[in-house]
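What follows is a set of notes on a single structure, which appears directly below.
The values are calculated or read from the model by the stated rules, or taken from the named source; none is laboratory data. Fair warning: this is a prediction, and the values are worked out from it, not measured in the lab. Heads up, the Cβs are rebuilt from the backbone with ideal geometry, glycines too, and the neighbour counts pull from every protein chain shown. Just the protein is used for accessible areas: all its heavy atoms, side chains included, with ligands, DNA and RNA removed. Shrake-Rupley method; radii C 1.70, N 1.55, O 1.52, S 1.80 Å.
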Amino acid sequence: MFDRPDKVIRQFHGYYRNYVDHEKKHESKVEQFGVDFPERRSFYQLLAKGLRKNRSLVEQVLQSLQAHLPEKSIDEEPLDKMAYTTDLSYLMRDWSGEKAHEEEVLKTAKSILEMLGPYYDSHPSVLVLGAGMGRIAVELGEQFREVVALDNSPTMAYCFNHLMKGSLSFYDIQLKRTFHQSEMVKEIKASIKDRNDDLIMTAQRIHYLLGNALNMPLKDGSMDIVVSAYFTDVFPLDLLLEEVDRVLRPGGLFLHFGPLEYHFSDESAMYAADEFRPIFAKYGFDWITETTLENTNFCRPSSMLQQSYKNWQFLAQKRMVTDKGSMQKNPCLCLADAITYKVEGPLGKHHDPSIILYGGREPLTITPVLLEILKLMSNPIRLEQLLADFFHLFEITKEETETRKMVVKSLEELMEKGIVKAQESSL
Ligand SMILES: C[S@@+](CC[C@H](N)C(=O)[O-])C[C@H]1O[C@@H](n2cnc3c(N)ncnc32)[C@H](O)[C@@H]1O
């Protein structure tokens, strides 16, 4: 799923191997604490047990990567920082079932779903970027027909897949800011199955892809919606938008959720919220709506630190063909799929029949003029040629701006309904 899978697997392999070595030394140190400080022996024994358990989970991921490595392969220089890769906090938040975590993740998912509510039918496929342990993707799966979750962390993908078959035990370790010692090292059982039957069925429908969000294993224009929750700030916006723009179809939607924390060092790419709009406009997106949602962030009731974010949430839509920039691009248009039609209406001189089209997302009633425009698209055709043919067909000698606008608007609507698409062309 990666651009150069061998290289990426080796990099992750090297990273995990270093992590495992480091954790083994950490465990030995903690075991020694148990000897040196007998009054806390049982606590250190539990801590060492927790560390061992968490390490064994990472070792399982390491083994599954090893299976994909050629024998005697040398580890690629591991990246020194792989954001979130071994972070089990997301497993805790998404699938521990603990009340505070459930409330937090469901509040986020509800806010995203509410903003996408008007688009459930017209935009059935959703891609969730940096999907982590997958809970947000699964909640979206309750409403959308097709959900693709993509993350580059083998741990995230491994845990999500493992949870389809059974539960996962790990330890939540919080040595700082904790009121009760019993909360410092806590065994957690993560499970999807134990939540409810609907959730596991939805989770099984999610396509979880291991891949890089900057070079996704997805076709151009293949997705209706891209959701980026706690992810837009992982990379400079320009890098991300190039790729989002590629995989979204015209009329597709981009939803951002989260604070702008910026997990990279390039200060020239750290924008304030009010700078996003013109950047999105430059990439051909219209701003639809925005809001903020105050929510906890990894709420642990026993912790002395309670973080809360004012999460910024917005929705932007990739333009069809109406704006000046895209018009100048003169897209190549064609029928998205095979379509058939039926003519309906009373027989009479003064009645225009209705044409019912089949083949898009749902049956669609159109005018006879629009049917003629569709016929002009039986072979791929550039927008400008289509407009010229249309004016010729209806003997409109002087090209009228208003008529032109109307035709383009109708084409937009046909794209929205999945009847017409813009395609890469060698025309
Ligand atoms: C802040 S976490 C958010 C997780 C998830 N969106 C959520 O809210 O539950 C960022 C996620 O992005 C993933 N990630 C980091 N770099 C990535 C990349 N280049 N491609 C895909 N995913 C990436 C990490 O593995 C991590 O799961």
Only listed residue being within 18 Å of the chain's Cα centre (by Cα) and free of Cβ contacts under 8 Å to residues at least 60 places away in the same chain, chosen from 278, 250, 259:
259
Residue 182 - would you say it is more than 14 Å from the ligand (Cβ to nearest atom) and more than 22 Å from residue 87 (Cβ to Cβ)?
yes
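To keep it simple, each residue is scored yes or no on (1) free of Cβ contacts under 8 Å to residues at least 60 places away in the same chain; (2) in a helix (DSSP H, G or I); (3) open to solvent by less than 30 Å² (accessible area, probe 1.4 Å).
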position: 16; (1), (2), (3): no, yes, yes
position: 26; (1), (2), (3): yes, yes, no
position: 30; (1), (2), (3): yes, yes, yes
position: 34; (1), (2), (3): yes, yes, yes
position: 43; (1), (2), (3): no, yes, yes
position: 49; (1), (2), (3): no, yes, no
Can you spot a residue in segment 160-172 that is within 15 Å of the ligand (Cβ to nearest atom) and open to solvent by 10 Å² or more (accessible area, probe 1.4 Å)?
yes
Output the number of residues of segment 355-367 satisfying the condition of being open to solvent by 50 Å² or more (accessible area, probe 1.4 Å) and either more than 32 Å from the chain's Cα centre (by Cα) or of a type in the set (D, E, K, R) (or both).
4
Scanning segment 100-129 residue by residue, those over 30 Å from residue 363 (Cβ atoms) and at pLDDT below 95 turn out to be none
Kindly indicate which of 344, 384 is in the same structural domain as residue 411 (by TED's automatic domain parsing) and under 37 Å from the mean Cα position of the chain (by Cα).
384
With touching a helix residue (DSSP H, G or I) at 6+ places or on another chain (Cβ under 8 Å), in a helix (DSSP H, G or I), in the same structural domain as residue 243 (by TED's automatic domain parsing) and closer than 20 Å to residue 102 by Cβ as the only criterion, which of 188, 200 stands out?
200
Spot the failing condition for residue 371; the list is (1) closer than 14 Å to residue 421 by Cα; (2) open to solvent by less than 40 Å² (accessible area, probe 1.4 Å); (3) in contact with a strand residue (DSSP E or B) (Cβ under 7 Å, 6 or more places away or on another chain), and only one is missed.
(1)
For segment 341-371, which positions are outside any strand (DSSP E or B), farther than 18 Å from residue 122 by Cβ and in contact with an Asp or Glu (Cβ under 8 Å, 6 or more places away or on another chain)?
345, 353, 367, 368
Inside segment 238-253, can you point out the residues that are open to solvent by 10 Å² or more (accessible area, probe 1.4 Å) and of a type outside the set (Asp, Glu)?
239, 246, 249, 250
Step by step: first the residues of segment 111-136, then only those that are in a strand (DSSP E or B) and near the ligand (Cβ under 10 Å from one of its atoms), then the one that is surrounded by the fewest Cβ atoms within 10 Å (Cβ to Cβ). Which residue is that?
129
Please work out which one of (1) open to solvent by 20 Å² or more (accessible area, probe 1.4 Å); (2) at pLDDT 90 or above; (3) within 24 Å of the chain's Cα centre (by Cα) is the condition residue 87 fails and give its number.
(2)
